[in-house]
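Heads up: the structure comes next, in C-alpha cells.
The values are calculated or read from the model by the stated rules, or taken from the named source; none is laboratory data. Keep in mind the model is a prediction, meaning the values are calculated, not measured. Note that each Cβ is placed from the backbone with ideal geometry, even for glycine, and that neighbours are counted across all protein chains shown. Just the protein is used for accessible areas: all its heavy atoms, side chains included, with ligands, DNA and RNA removed. Shrake-Rupley method; radii C 1.70, N 1.55, O 1.52, S 1.80 Å.
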Amino acid sequence: MEKILEIKNITKRFPGVLALNDVSFDIHRGEVHILIGENGAGKSTLMKILSGVYQPDEGKIILNSEAVSFKNPKEAQEAGVSIIHQEFSLIPYLNAVENIFLGREMKKKNGLLDKKKMKVKAQDLLDMLGVEINLERPVQRLSVAEQQFIEIAKAVAVNDRILILDEPTATLTKREVKILFQLIQNLKNKGVTMIYISHHLEEAFEIGDRLTCLRDGTWINTRPVKELTQDEIIRMMVGRSIDNIYPKRTTKLGDEELLQVRNLKQVDSDFKIDFSVKKGEVLGIAGLVGSGRTELVRALIGADQTDSKEIYISGEKVETKSPEQALKAGIGLIPENRKSQGLVLDMSVKNNISLASLSKVLNSFLFLDKLKEKNSVTRLIDDLNIKTPHMYQEVKNLSGGNQQKVVLAKWLRTDCKVLIFDEPTRGIDVGAKVEIYKLMNELVGSGLSIIMVSSELPEILGMSDRILVMHQGRIAAELMNCDQVTQEKIMFYATGGANNGRVN
Amino acid sequence: MAELTKNKSKKRWNFKELLKVPEFITFMGFLVLCLAMILFTDRFLSSTNLINVARQISINAIIAVGMTFVILTSGIDLSVGAVMAFSGTVMAAAMANWGWNPFFAVLIGLALGMLIGLVNGSLVSFAKMPPIIVTLAMMEIPRGLALLYTGGYPLSGLPASFSFLGRGYLFNVIPIPVVVMLIVYIIAYILLNHLPLGRYIYAIGGNEEAVRLSGIKVKKYKIIAYVVSGFTAAISSIILTSRLMSGQPNAGVGFELDAIAAVVLGGTDIAGGRGSIIGTLIGALIMGVLNNGLNLIGVSPYVQRVFKGLIIIVAIYFSSKKKNS
C-alpha cells in the first residue's frame with residue numbers, strides 16, 4: 001500500500017495541556033481511515049494540524065513523500081487536504097450551486113457570472129457523489145444531510161485527494177447515513193482518501209478500511225478494521241473494557257404519575273398529545289429527526305408557543321408558558337445542542353453551573369455568597385467528574401463530554417423533579433456516555449423522572465423503562481421496554497409502519 | 001538549561017494571563033497617556049487641572065455605566081444624549097416655570113430617564129426590534145420634545161441652591177460630580193459582580209437562548225439594562241443642567257458616542273458578554289485625559305476628533321485581536 005500522508009512524531013502543547021504527544025501513523029492512498037478516541041483524546045487537534053488550523057510544536061507531516069507545513073486551511077486545501085467540519089460553513093441564503101462555487105465563481109468573457117456552466121458543473125459533481133439535491137433552493141431550506149452533501153461537494157470541487165470528515169453522521173437519520181455511506185463509497189471508487197472521525201463503532205465496521213485510536217493525546221494503535229471487534233476498539237479507546245454500557249437500575253417503579261401532559265397541541269400541528277411519566281421512570285422518546293420529538297419537549301417547557309396544553313405535576317396543575325415557569329414548576333430541559341442552547345461558552349464553568357440556581361447562593365442581603373457558590377460548584381465538579389483545570393476555566397475550552405456534564409450540573413443544582421434530556425450523549429465518547437447514564441440512574445433512584453429524547457436506538461432501548469415512538473408530530477406507539485422490543489420494532493413505528501398498514 | 005526554559009515559559013505565561021485581564025491593558029494605556037501628558041505639558045499635574053479633568057470626565061463616565069450594562073447584553077443605547085436633553089429641559093422647566101422644589105425636579109428628571117429606558121428595553125425585548133434602530137428612533141423623539149417645549153432656547157432661571165450638584169465641592173476639594181460618579185461606579189460594580197442581576201446580564205450577552213432555557217427572565221433583565229442606561233444618562237443630565245444652570249435642549253449631542261467609546265476602550269466586547277465596569281471607568285479616564293491634554297498642548301478641537309477616532313480604532317484592534325487569539 002502506498003502512503004499518501006505520513007504523520008511523524010507530532011506533538012502539540014496548549015497552556016497546561018499536552019494535547020498530542022509524539023503521534024505517528026500513516027494514511028494509505030484511497031483508504032477510508034477511521035480515527036477514533038474519546039473526547040479530549042486529541043482527534044480534533046490532530047485534524048486541525050492536518051488541515052492547517054494549528055501548527056505542530058514538534059514533528060512533521062509528509063504528504064506524497066514531501067514534508068509540508070500549512071500556515072492556514074487554505075494552504076492545506078491547495079495542497080490537497082480538505083476538512084468537513086461538524087458546523088457547516090455554507091451561506092444559508094445561497095443555493096447549492098452558489099455555495100459550491102463560492103469564492104471560485106466561473107465567469108464569462110465579459111466578466112459576468114457564468115451561471116449555466118456552474119450549474120452544469122455542480123450537477124455533474126452531485127451526480128458523481130450519487131446524491132440528488134434541489135439546486136435552486138437556498139440551502140437553509142434543505143435538510144441537514146443535504147447541506148452536508150453540498151459541503152462535501154464543495155470540498156471535492158477544490159481538491160479530491162484527502163478529505164477529513166469530522167463526525168459526519170452526528171445529526172443524520174439512518175436513511176441519510178445510508179446515502180452518505182454510498183457517497184463515501186463513490187468517492188473511494190474515485191480514489192479519494194478519507195479520514196473519518198466518529199464515535200459510532202458500527203460505522204467503523206461498515207465503511208472503514210483501517211482504524212487508528214488515540215487516547216489522552218497519544219497514539220494507541222492502527223489496525224485494519226477487519227481484524228478488530230467492537231470490544232477491542234472500546235478497550236483501545238478507554239483503556240479498559242466496558243462490560244455494560246447501559247448500567248442496570250435497581251429502582252422499583254412506583255405508581256405515582258409525577259408528570260402528566262394533556263392536550264398538548266403545537267401551533268402548526270393537527271394533533272393533541274397526551275402522555276405521562278411515573279416517579280422514578282425513564283421515558284424514552286424515539287423517532288426520526290424531524291418527527292417532532294424536540295418540538296414536543298420544547299413546547300412542554302414553554303420554550304416554544306403552543307395552542308393548548310395542560311401540565312400536571314403530582315396531580316397538580318402547573319403553568320409552563322415559559323422556561324422560567326417550567327423551572328418553577330420543577331421541569332428542566334437539557335437541550336439538544338449544548339453549544340448554542342445549553343451553555344454560555346465565554347463564561348466560566350462555575351458561572352455556567354450556578355446560572356439557573358443563583359437564588360440558592362444568596363446571603364441575607366440578597367448578594368451572591370461567592371464562597372457558598374464555590375463550594376457547591378466544587379462539589380458538583382467532583383461528583384460528576386468534570387475534567388477542568390479549575391472552575392474559572394471558560395466552558396468553551398472543555399471537551400464535548402465535559403461540556404455536557406456542565407449543562408447537567410447546572411440542572412442538578414435546581415429543584416427540578418422532571419428532567420428532559422434531548423440527545424444527552426450526542427457527540428460524546430463512550431466513557432462520558434456511561435457516566436451520564438449512571439447519573440441518570442442515580443437521579444431516577446432519588447425519585448426524579450426523566451424524559452430522554454434520543455436518535456440512538458441502543459440508548460433508547462438500554463435506558464428507558466417505557467418508549468414513545470413519534471412519527472410526523474404525533475405519538476405513533478407506546479412500548480413497554482421489555483425483551484420483545486427491538487430496534488426494528490421502533491423503526492417500524494417511527495417510519496409510519498402501523499399507520500399505512502405495512503408489516504415489517 | 002531545561003530549568004531555564006521552564007522558568008522563562010512560566011513567566012511568559014503569567015504575563016499572558018495578565019494580558020488577558022482586559023482592565024490591565026487599558027490601565028497600561030492610561031498610564032502611558034498620563035506619562036505623555038506630564039512630559040508634554042507643565043500644567044497637567046497641577047491640582048486645579050486634575051480636579052478640572054475629573055469633573056469633566058464625570059459626565060461621560062456616568063453615562064458610560066448604563067452603556068456598559070446595555071452593551072454587555074449585546075445591545076446598544078444611542079438615546080442617552082437625547083435623554084439628557086429631555087430630562088434636563090423638563091427638570092429646568094419644573095424649577096423655573098412650574099416653581100418645583102429642586103429635589104422633586106431631580107426626581108422627575110431621573111424618572112423620565114428611566115421611562116425612556118423602559119420604552120427602549122420593552123421594544124427590544126417584547127417587540128424584538130434591533131437595539132440600534134429602537135434607540136436611534138429614541139434619539140429623535142425625546143430631543144424633538146425638548147426642542148418643541150423650549151422652542152430651541154435654553155431654559156434658565158433655576159434656583160441658586162440647585163447649582164451645588166454641578167458646581168459644589170465635598171470638603172472644599174472634591175467636586176460633587178466626581179463624588180456622584182464614584183458612588184454610581186461603586187453601585188454598578190456591586191450590581192454587576194455581587195448580584196444575580198450582573199451574572200444574568202453577562203450571560204445574556206454570551207448566549208441569550210441558553211439563558212432563556214435555563215429558566216431566567218431574559219426580557220426582564222434586558223429591560224433593566226436599558227432602564228439603568230436611561231437612569232445614568234439622567235444623572236449626568238442633572239449634573240450638566242446644574243453646571244450650566246439652565247436646561248439645554250441641545251445638550252448631549254454626540255454624548256452617546258463618547259460613552260460607547262469609553263465602554264469599548266475599557267475592554268468591553270461590543271458584541272456583549274464580556275467586559276467590566278472598572279474597564280469602563282478607565283476608558284472614560286482615557287477619553288477625558290486625552291481631551292484635556294490635547295487642549296493643554298493647544299491642539300485644535302478638529303484635530304482632537306481625528307485623534308479620538310484613531311485611539312478608538314487602535315483599542316478595538318487590540319481587543320478583537322485578543323478575542324481571536
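Under a 5 Å amide H cut-off, with hydrogens placed 1.01 Å from N, A:ASN221 pairs with A:CYS213 among residues at least 5 apart or on other chains. Normalised by the number of residues in region A:283-365, the average gap of Cα pairs under 8 Å and 6 or more apart makes the relative contact order 18 percent.
The three principal axes of the C-alpha atoms in chain B carry coordinate ranges of 81, 57, 36 Å, sorted with the longest axis first. Shown here for region B:18-117: trypsin sites (Lys or Arg not before Pro) in loop regions (DSSP other than H, G, I, E, B) with at most 16 other Cβ atoms within 10 Å, namely B:ARG43. Stretching A:GLN487 away from A:LYS178 to a fully extended chain increases their span by 109.6 nm, per 0.36 nm per residue minus the current alpha-carbon distance.
Bridgeable lysines around A:LYS188 (alpha carbons under 16 Å apart, same-chain partners fewer than 8 residues away excluded): A:LYS3, A:LYS178. A dipole drawn for chain A from +1 and -1 charges on Cβ atoms has a positive end, and of A:MET480, A:GLY280, A:LEU172 the residue lying farthest that way is A:LEU172.
Under the combined filter of DSSP loop state and at most 16 neighbouring Cβ atoms within 10 Å, region A:386-443 retains these trypsin sites (Lys or Arg not before Pro): A:LYS387. Once the dipole of chain B is set up with Lys and Arg at +1 and Asp and Glu at -1 on Cβ about the Cα centre, which of B:SER74, B:ILE176, B:PHE24 lies farthest towards its positive end? It is B:PHE24. Going by a ≥ b ≥ c, the root eigenvalues of the Cα gyration tensor, does region A:51-184 fall in the rounded group (a/c under 1.5), the prolate group (a/b larger than b/c) or the oblate group? Cα axes put region A:51-184 in the oblate bin.
Measuring r between the beta carbons of A:LYS8 and A:GLU227 and using R0 = 22 Å, the FRET efficiency lands at 0.35. Normalising the average separation of contacting C-alpha pairs (under 8 angstrom, six or more residues apart) by the number of residues puts the relative contact order of region A:172-234 at 22 percent. Interface B-A: total buried accessible area of about 2200 Å², 1.4 Å probe, protein heavy atoms only. The HN-Hα couplings worked out from phi for region A:424-432 by the Karplus form 6.51 cos²θ - 1.76 cosθ + 1.60 (θ = phi - 60°) are x, 10, 5, x, 10, 7, 4, x, 5 Hz, whole numbers, x standing for Gly and Pro. Here the gap between A:PHE367 and A:PHE205, fully extended at 0.36 nm per residue and compared with their Cα-Cα distance, gives a gain of 52.7 nm. Largest to smallest in accessible area, the residues A:HIS471, B:HIS194 fall in the order B:HIS194, A:HIS471 (1.4 Å probe, all protein chains included).
For the peptides B:78-87, B:309-318, B:285-294, the ranking by packing is B:78-87, B:285-294, B:309-318, with the highest mean count of neighbouring Cβ atoms within 10 Å listed first. Cα centroid separation, region A:44-73 to region B:121-147: 51 Å.
Of the chymotrypsin sites (Phe, Trp or Tyr not before Pro) in region A:317-412, the ones in a loop by DSSP (not H, G, I, E or B) with at most 16 other beta carbons within 10 Å are A:PHE365, A:PHE367, A:TYR392. Reducing region A:191-213 and region A:382-440 to their Cα centroids gives an inter-centroid distance of 27 Å. With a 10 Å cut-off around each Cβ of A:343-351, the average count of Cβ atoms from other chains is 5. As an equivalent ellipsoid, region B:96-183 spans semi-axes of 30, 19, 12 angstrom, where each value is the square root of five times an eigenvalue of the C-alpha gyration tensor, largest first. Take the Cβ-Cβ distance between B:ARG167 and B:LEU147 as r, set R0 to 30 Å, and report the resulting FRET efficiency rounded to the nearest 0.05. The pair B:ARG167/B:LEU147 has a calculated efficiency of 0.70. Quick one: of A:LYS350/A:LYS372; A:LYS360/A:LYS433; A:LYS115/A:LYS154; A:LYS279/A:LYS328, which pairs are farther than 23 Å apart, Cα to Cα? Too far apart for the 23 Å limit: A:LYS360/A:LYS433. Taking each of A:LYS43/A:LYS71; A:LYS339/B:LYS219; A:LYS387/B:LYS219; A:LYS12/A:LYS438 in turn, the alpha-carbon distance tops 23 angstrom for A:LYS387/B:LYS219; A:LYS12/A:LYS438.
Shielding by partners for peptide B:211-224, expressed as the average number of C-beta atoms from other protein chains within 10 Å of each residue's C-beta, is 6. A cut-off of 5 Å between modelled amide H atoms, ignoring neighbours fewer than 5 places along the same chain, links A:ASN95 with A:VAL139. For chain A, a simple Cβ point-charge model (Lys and Arg +1, Asp and Glu -1, everything else neutral) yields a dipole of about 880 debye relative to the Cα centre. Scanning residues 5 or more positions from A:MET452 or on other chains, those with amide H under 5 Å from its amide H are A:LEU283, A:GLY284, A:ILE285, A:PHE421, with H placed 1.01 Å from N in the peptide plane. Structural descriptor for chain A: relative contact order 15 percent, calculated from alpha carbon pairs under 8 angstrom and at least 6 residues apart. For the listed peptides B:111-121, A:131-141, a ranking on the average number of other beta carbons within 10 Å per residue, highest first, reads B:111-121, A:131-141. Take the alpha-carbon centre of region A:76-145, take the same for region B:179-215, and report the distance between them in whole Å. Value for the Cα centre distance between the two parts: 44 Å. Estimated from helices alone, the mean residue ellipticity of chain B at 222 nm is -26000 deg cm²/dmol (sum of -39500 (n - 2.57) over DSSP H runs with n ≥ 4, per residue). Residues in region B:32-48 carry Karplus couplings, in order, of 4, 4, 4, 4, 4, 5, 5, 5, 8, 10, 9, 9, 4, 7, 5, 5, 4 Hz; the curve used is 6.51 cos²θ - 1.76 cosθ + 1.60 with θ = phi - 60°, and Gly or Pro positions show x.
With Cα atoms as the point set, the radius of gyration and Dmax of region A:2-109 evaluate to 16.2, 55 Å. Under conditions of 25 °C and 0.890 mPa s, the protein assembly as shown yields 81 µm² s⁻¹ as its translational diffusion coefficient, taking Rh as the Kirkwood radius over Cα pairs in the Stokes-Einstein equation.
Enter the mean number of other protein chain beta carbons within 10 Å of the beta carbon of each residue in A:333-339, as an integer.
The per-residue average across the peptide is 2.
Charge dipole (Cα centre; +1 on Lys/Arg Cβ, -1 on Asp/Glu Cβ; no other charges) of region A:79-165 amounts to roughly 520 debye.
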